[in-house]
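To keep things clear, I will list the structure first and then write my remarks on it.
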Amino acid sequence: MLEGIAQAAPALAMLACFACVGGGGYLLVKQRDRTKGILMLVMAAVLLGNVLIWTM
């Protein structure tokens with residue numbers, strides 16, 4: 001059972017990464033909340049780093 005979850009975790013993290021990039025980019029382009037937009041982009045970078053480490 002844990003193997004299935006372990007295989008799905010990187011895929012779910014990448015979906016979250018894409019969502020954070022999209023949301024953060026939207027906030028920055030529309031100039032709604034710059035701080036939250038930057039934080040979402042940083043979070044996306046951290047998620048991407050985690051996925052890269054998990055797949056090594």
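Recomputing Cα extents along the principal axes in Å from the coordinates shown identifies the correct label among (1) 46, 36, 19; (2) 82, 27, 5; (3) 43, 18, 11 as (3). Shown in residue order for the stretch 48-54 are the 3J(HN,Hα) couplings computed by the Karplus curve 6.51 cos²θ - 1.76 cosθ + 1.60 at θ = phi - 60°: 4, x, 4, 5, 4, 5, 4 Hz (x for Gly and Pro).
What full-extension length gain, to one decimal in nm, is calculated for L15 and A45 as 0.36 nm per residue of separation minus the Cα-Cα distance?
9.5 nm
Averaged over its residues, the chain has an accessible area of 78 Å² per residue, based on protein heavy atoms and a 1.4 Å probe.
All other residues with a Cβ under 9 Å from the Cβ of L27 taken together, and with Lys, Arg as +1 and Asp, Glu as -1, what is their net charge?
Working: positive: K30, R32, R34, K36; negative: D33.
Residues near L27 contribute +3 overall.
Sequentially through the stretch 9-17, phi angles give Karplus couplings (6.51, -1.76, 1.60; θ = phi - 60°) of 4, x, 5, 5, 5, 5, 4, 5, 4 Hz, Gly and Pro residues having no value and appearing as x.
Could you work out what % of the accessible surface of the chain is carbon and sulfur, using a 1.4 angstrom probe and leaving DNA, RNA and ligands out of the count? List each step's numbers first, then the result.
Details: 3130 of 4380 Å².
Carbon and sulfur atoms account for 71 percent of the accessible area of the chain.
The values are calculated or read from the model by the stated rules, or taken from the named source; none is laboratory data. Bear in mind that the values here come from a model prediction, so they are computed numbers and not experimental data. Note that we place each Cβ from the backbone using ideal geometry, even for glycine, and neighbour counts take in every protein chain shown. Ligands, DNA and RNA are excluded from the accessible area calculation, which covers all protein heavy atoms including side chains. Shrake-Rupley method; radii C 1.70, N 1.55, O 1.52, S 1.80 Å.
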